[in-house]
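Presented below is the structure to which this report refers.
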Amino acid sequence: MDGNGRWARGRALPRTEGHREGALRVRGIAEACIDIGISTLTVFAFSTENWDRPHDEVDVLMALIPERLAAERATIFNNDVRIRVLGEIESLPLADRVAVRTIVRQTVKHQALTLNIAFNYGGRSEILRAVRNLMRDGIAPEDVSEDLFASYLYTSDIPDPDLVIRTAGEQRLSNFLIWQAAYAEFYSTPTLWPDFTRDEFDKALATYRQRERKFGRVADQPRVVSDLISG
Ligand code: IPE
Ligand code: MG
């Protein structure tokens, strides 16, 4: 969800206002997913690299997740949304950690949409964590398959992403789902995240539907994109 800072600067506001505005946009995109029949949405909220930002900005970013989850609690329950966190939430203050864990637990059976919040998340540290846990479990090298490895990632029970959307004109993955996005289609838009509306989302999906996904095969045997996206 990139471009919050630039959005704020363009309005002569503090960067933290951009983050607040950006956090509000998640709701509309989540609603659009339910509407369209997209089962899983992952938002990159805070990366392991974001700790290097000024303290006050880090504090606001940390506070936003429990804040939004509390504010949207009724909507989350009424719309059958499952909340999950990818990343280490140990760094949150105790009360916030408990609040996040509670909503994760309470929504575990919800099915309309799985909303993954990547928080204090980094793809490389996720992979290292998986390797460490594999070794702790005493798994023999010859037993390490791609499926087994994937089951050690935060995303163990969710499908790989079909589409990665990058806002604010950047054209890199920035340590986001680097294992899982191996075959994801990549879409970059100059639109800043706080300006990313349902229309912008529809544009991204329209572009995605035109992509031919080959998964390493030859061009005349593609898996059809419209089979992969329901609706
Ligand atoms: C949001 O946008 C990213 C995070 C949630 C940490 P940025 O804060 O990176 O916005 P820009 O890149 O300065 O515009
Ligand atoms: Mg940025």
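Structural remarks
- Count of the stretch 52-75 residues, restricted to those that are more than 18 Å from the chain's Cα centre (by Cα) and not basic (Lys, Arg), is 12.
- Which numbered condition ARG6 misses (of (1) surrounded by 14 or more Cβ atoms within 10 Å (Cβ to Cβ); (2) within 12 Å of ligand 2 (Cβ to nearest atom); (3) under 20 Å from the mean Cα position of the chain (by Cα)): (3)
- When the criteria are applied in full, LEU113 meets the requirement of being within 16 Å of the chain's Cα centre (by Cα) and either in contact (Cβ under 8 Å) with a residue 60 or more places away in the chain or open to solvent by 60 Å² or more (accessible area, probe 1.4 Å) (or both).
- Screening ARG84 with (1) touching a strand residue (DSSP E or B) at 6+ places or on another chain (Cβ under 9 Å); (2) within 15 Å of ligand 2 (Cβ to nearest atom); (3) open to solvent by less than 60 Å² (accessible area, probe 1.4 Å) gives one miss only, at (2).
- So GLU90, is it away from ligand 1 (no atom under 11 Å from the Cβ), more than 23 Å from GLU126 (Cβ to Cβ) and not aromatic (Phe, Trp, Tyr): no
- Options ILE83, ILE36, ILE76; residue that is away from ligand 1 (no atom under 11 Å from the Cβ), touching a Gly at 6+ places or on another chain (Cβ under 9 Å), among the hydrophobic types (A, V, I, L, M, F, W, C) and at pLDDT 95 or above: ILE36
- Residue list for the stretch 155-172, filter: closer than 19 Å to ARG213 by Cβ, open to solvent by 60 Å² or more (accessible area, probe 1.4 Å) and either within 16 Å of ligand 1 (Cβ to nearest atom) or in contact (Cβ under 8 Å) with a residue 60 or more places away in the chain (or both): PRO159
- Residue match in the stretch 211-226 (condition: within 16 Å of ligand 1 (Cβ to nearest atom) and among the basic types (Lys, Arg)): no
- Selection of the stretch 19-32 for residues being surrounded by 21 or more Cβ atoms within 10 Å (Cβ to Cβ) and either within 16 Å of ligand 2 (Cβ to nearest atom) or under 16 Å from PRO54 (Cα atoms) (or both) yields HIS19, GLY22, ALA23, ARG25.
- Hey, THR16 open to solvent by less than 70 Å² (accessible area, probe 1.4 Å), within 16 Å of ligand 2 (Cβ to nearest atom), touching a helix residue (DSSP H, G or I) at 6+ places or on another chain (Cβ under 7 Å) and at pLDDT 95 or above or not: yes
- Of the residues screened, ARG82 is one that is basic (Lys, Arg) and within 26 Å of LEU173 (Cβ to Cβ).
- Test: residue in the stretch 50-57 that is in contact (Cβ under 8 Å) with a residue 40 or more places away in the chain and surrounded by 18 or more Cβ atoms within 10 Å (Cβ to Cβ): no
- The test for being open to solvent by less than 60 Å² (accessible area, probe 1.4 Å) and over 15 Å from the mean Cα position of the chain (by Cα) holds for ALA140.
The values are calculated or read from the model by the stated rules, or taken from the named source; none is laboratory data. Treat the numbers as computed from the prediction; the structure is a model and nothing was measured. Cβ sites come from the backbone with ideal geometry, for glycine too, and all protein chains shown count toward neighbours. Accessible surface areas use protein heavy atoms only, side chains included; no ligands, DNA or RNA. Shrake-Rupley method; radii C 1.70, N 1.55, O 1.52, S 1.80 Å.
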